[in-house]
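Since the structure comes first, as structure tokens, the remarks are kept for the end.
Readers should treat all values here as calculations from the given coordinates under stated rules, not as data from a laboratory. A quick note: this is a predicted structure, and the numbers were derived from the prediction, not measured. No Cβ is skipped: glycine too gets one built from the backbone with ideal geometry, and neighbour counts run over all protein chains shown.
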Amino acid sequence: MIWQLDLILCIFIVICAVAAITIKDLLAAVIILGAYSFFMCILYTGMGAVDVAFTEASVSAGVGTVLFVAAVSKTKRRSKD
Amino acid sequence: MLEYIISKYNFWVYVILLLIGLYAMVGKKNLVKKLIGMNIFQSAVILFYVSIGVKKGGATVPIFLGNAHAAHGHGHAIIDVASYINPLPHVLMLTAIVVSIATTGVALAVLILIFRRYKTLELDEIMKIRKETGV
């Protein structure tokens, strides 16, 4: 894999992880977690793990985000920390 | 030394993500934030396992393409192991991704039940209500 692209993806992943746990709006945090999963999926594709990549994209980024959004819409959207 | 550190940056990112997830699980008071931290923790472990299987030097995706020796009809196909990425960690991590989404689903269901009972998702407020009412 091209190492520059790999490094940029790693930096994006860390930024997304930090943003997902610091943002006070829970819906925004959940959507950023979905973006984190998609960046992780691109990283797996670069490593040659294609099966892991499409499982991550469909299950973790797709179904996981839907479950989180459903749960947040059933409960409160604001968080204190 | 610097080159040695930079050449293993996948592992550094994995350690950083692991610690971010651990901090969110321990330090954050909101229960959804704790769950997000658990997701980050799990995907950091998955990233570590997938990184183990990578080989340098022209290794490709583990799909067997056949070779010229097997085309004659006799003799076994010779598989050059060094030209394929190790598929064992990938198969293990497929199971781990599905298990992680199952645990997340159960945790969200429990979280909705907690919200219906206590009308809040902050851990300190829940503990205060439990201490006041004695339930």
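Quick notes on this one:
- For chain A, built as a Gaussian network whose Cα springs stay under 10 Å, the top-fluctuating residue of A:Ala17, A:Ala61, A:Ala70: A:Ala70
- For the protein assembly as shown, adding -39500 (n - 2.57) for each run of n ≥ 4 DSSP H residues and dividing by the number of residues yields -22500 deg cm²/dmol at 222 nm.
- Under the convention that each Lys and Arg Cβ holds +1 and each Asp and Glu Cβ holds -1, the size of the dipole of the protein assembly as shown around its Cα centre is about 1200 debye.
- Whole-Hz ³J(HN,Hα) from phi, Karplus 6.51 cos²θ - 1.76 cosθ + 1.60, for region A:68-76, glycine and proline x: 5, 5, 4, 5, 5, 5, 7, 10, 8
- Cα-derived Rg to Rh of chain B, Kirkwood definition: 1.23
- Remark: mean inter-chain Cβ contacts per residue of A:15-22 equal 5, using a 10 Å Cβ-Cβ cutoff to other protein chain atoms.
- Restraint check, A:Lys24/B:Lys56; B:Lys8/B:Lys29; B:Lys29/B:Lys56; B:Lys28/B:Lys55; A:Lys24/B:Lys131, Cα-Cα greater than 32 Å: A:Lys24/B:Lys56; B:Lys8/B:Lys29; B:Lys29/B:Lys56; B:Lys28/B:Lys55
- Extension gain, B:Asp80 to B:Tyr23: 0.36 nm times the residue separation minus the Cα-Cα distance gives 16.2 nm.
- Multiplying each eigenvalue of the alpha-carbon gyration tensor of region A:3-74 by 5 and taking the square root yields semi-axes of 23, 16, 5 Å, largest first, rounded to whole angstroms.
- Sorted by Cβ neighbour density within 10 Å, fewest at the top, the residues B:Leu113, B:Leu18: B:Leu113, B:Leu18
- Reference-scaled alpha-carbon Rg (2.2 N^0.38 Å with N residues) for the protein assembly as shown: 1.24
- Candidates B:Phe41, B:Phe115, B:Phe11, ranked by Gaussian network fluctuation over chain B, Cα under 10 Å, top entry: B:Phe115
- Shielding score for B:43-49, defined as the mean number of other chain Cβ atoms within 10 Å: 4
- Placing unit charges on the Cβ atoms of the charged side chains and taking the dipole of the protein assembly as shown about its Cα centre, the candidate lying farthest along the positive direction among B:Val110, A:Phe39, B:Val50 is B:Val110.
- Compared with the rule-of-thumb size 2.2 N^0.38 Å for a compact globular protein, region B:1-51 has a Cα radius of gyration ratio of 1.31.
- As a rough footprinting exposure proxy, the listed residues A:Asp81, B:Asp80, A:Asp6 were ranked by other beta carbons within 10 Å of their own, and the order from fewest upward is B:Asp80, A:Asp81, A:Asp6.
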